[in-house]
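Enquirer: Quick one: structure below, then a few questions.
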Amino acid sequence: MFITSAVQYLAYLAIVLDHGVFGVDPPNIQRVKKILPEKDFEYLFPHRNRQAGPKPYTYSGFLAAVAKFDESCNEAHGGLDLDTAFKKELSISFAHFTRETGENSGWGPVPRGRQGLSFPSEVGCTAAACPYCSSNSEYPCQKGQGYYGRGALLLVPHSE
């Protein structure tokens, strides 16, 4: 990473080193830290990053992702105050993350709702692609192309 300006340096401190600009976090990060402190993130996702390899799902990584978008966790509609809107946004996002990346196991002491962020990519697929394809003539599969889902917001594969 090459830092070529003071602004880039401040962004580096804010995102990578988990410092706010001049020691003050932007409003959306302040809101995240107030409503979802790290201990709550740890409680909600005790099974995160359980696979071998990279461990992408961390609290500091979550804050860095929120910090990239000024309005993330910092906007409200429909008469909601900012904190209530943020809580709603979090609950929807975390439910989706859990569905897409969770272990979804009925066995063991951790309930399904807290098994999210376990896998950074789809289980049972090769590094090249997953074997998804349907015989749908309207949107046919492309020869030599495949789908490989990764991250907490997976795309819906062709077959669904």
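The values are calculated or read from the model by the stated rules, or taken from the named source; none is laboratory data. Only a predicted model underlies this, so the values are computations on that prediction, with no experimental measurement involved. Cβ sites come from the backbone with ideal geometry, for glycine too, and all protein chains shown count toward neighbours.
Enquirer: From SER121, SER137, which residue is more than 15 Å from GLN51 (Cα to Cα) and at pLDDT below 80?
Expert: From the options SER121, SER137, the qualifying one is SER137.
Enquirer: Please specify each residue of region 55-68 satisfying the condition of being more than 24 Å from VAL123 (Cβ to Cβ) and in contact (Cβ under 8 Å) with a residue 40 or more places away in the chain.
Expert: Residues satisfying the conditions are SER60, LEU63, ALA64, ALA67, LYS68.
Enquirer: Another question, if that's okay. Any chance you could count how many residues in region 70-125 are in contact (Cβ under 8 Å) with a residue 12 or more places away in the chain, assigned to a loop (DSSP other than H, G, I, E, B), under 17 Å from PRO46 (Cα atoms) and not aliphatic (A, V, I, L, M)?
Expert: 7
Enquirer: Continuing with the same structure: Please enumerate the residues belonging to region 37-69 that are under 14 Å from the mean Cα position of the chain (by Cα), in a loop (DSSP other than H, G, I, E, B) and either under 15 Å from GLU89 (Cα atoms) or of a type outside the set (Ser, Thr, Tyr) (or both).
Expert: Correct list: PHE45, ARG48, ASN49, LYS55, PRO56, LYS68, PHE69.
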